[in-house]
Amino acid sequence: MNYIEHIGKYYMMLKQVFRRPQKARIFYDALLREVEELGLKSIGIILFISFFIGGVIALQTALNLDSAFIPESLIGFAAKRSIILEFAPTFCSIILAGKVGSYITSSIGTMRVTEQIDALEVMGINSLNHLVLPKVIATLFFYPFLITLGMVLGMFGGWLAGVLSGLFSGVSYIEGLQTDFNPFLIAYALIKTLVFAFLIATVPSYHGYYVKGGSIAVGKASTQSVVWTTILIVITNYLLTQMLLT
């Protein structure tokens, strides 16, 4: 019954979030701040992890292809599919759920326990719209770009790993990247990214907005928000794969 209550409160929260902002200028300033906090400050960790994971995928694929009958270009093909289909949209989103989700919950939760949200309500401001909508729009617009960068750098990391290690040639790797290219797979990855971005923005906001207690409660809410966001990303990933690829 408690889960049903949370689901209902979550959808009621979304109803308040997606209202027209009261002052366009204030909303625009808040949106720019969220783009910086939730997007620009996450570029470094996504690019760093994408580069090295792409290299690991390529190396592990090369080490497991020890048959002379398997073409070397299969390494690039396997790395491309792995990075585009799962690693970039799903794994990177889980990383963002931990980094960004905890920040969102703690920032909104701190405002709740220090009664700043109550002050906004007293002034007649829709606090959910004011606090959450800029986060949702910032993630929906910026994260597809961020995940695309992760795809590109991941495949580049695989190419560089092969060239430096000598396990496979860069030419055969690029040939594998070009083999059987299907543009829909990129569209599929970006669709998943948009759904995950929405979850990353709204689920932690829900946990932060409805937190009760003091600073300890905010810390617990941050942990819960990361856990539940990750769980929802994994479940949604399965459902989207079932709907779009089968």
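The values are calculated or read from the model by the stated rules, or taken from the named source; none is laboratory data. The model shown is predicted, which means the values in this text are computed figures rather than measured ones. For neighbour counting, all protein chains shown are included, and Cβ atoms are generated from backbone atoms with ideal geometry for every residue, glycine included.
Checking the condition over 23 Å from ALA30 (Cβ atoms) and either touching a helix residue (DSSP H, G or I) at 6+ places or on another chain (Cβ under 8 Å) or modelled with pLDDT of 95 or more (or both), which residue from ILE108, ILE117, ILE95, ILE104 passes? Steps first, answer last, please.
On the way: ILE108 fails: over 23 Å from ALA30 (Cβ atoms); ILE117 fails: over 23 Å from ALA30 (Cβ atoms); ILE104 fails: over 23 Å from ALA30 (Cβ atoms).
Residue meeting the stated conditions: ILE95.
Return the residues of the range 94-116 that are among the β-branched types (Val, Ile, Thr), part of a helix (DSSP H, G or I) and either under 16 Å from GLU34 (Cα atoms) or free of Cβ contacts under 8 Å to residues at least 60 places away in the same chain (or both); say none if nothing qualifies.
Scanning the range 94-116 gives ILE95, VAL100, ILE104, THR105, ILE108.
Run down LEU185, LEU131 and say which single residue is in contact (Cβ under 8 Å) with a residue 60 or more places away in the chain, surrounded by fewer than 17 Cβ atoms within 10 Å (Cβ to Cβ) and either aromatic (Phe, Trp, Tyr) or farther than 18 Å from PHE51 by Cα (or both).
None of the others qualify; the one that does is LEU185.
Each row is one residue, and each column tells you yes or no for (1) surrounded by fewer than 21 Cβ atoms within 10 Å (Cβ to Cβ); (2) within 15 Å of the chain's Cα centre (by Cα); (3) at positive phi.
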{"position": "SER165", "(1), (2), (3)": "yes, no, no"}
{"position": "ILE174", "(1), (2), (3)": "yes, no, no"}
{"position": "LEU190", "(1), (2), (3)": "yes, yes, no"}
{"position": "ALA197", "(1), (2), (3)": "no, yes, no"}
{"position": "GLY208", "(1), (2), (3)": "no, no, no"}
{"position": "ILE216", "(1), (2), (3)": "yes, no, no"}
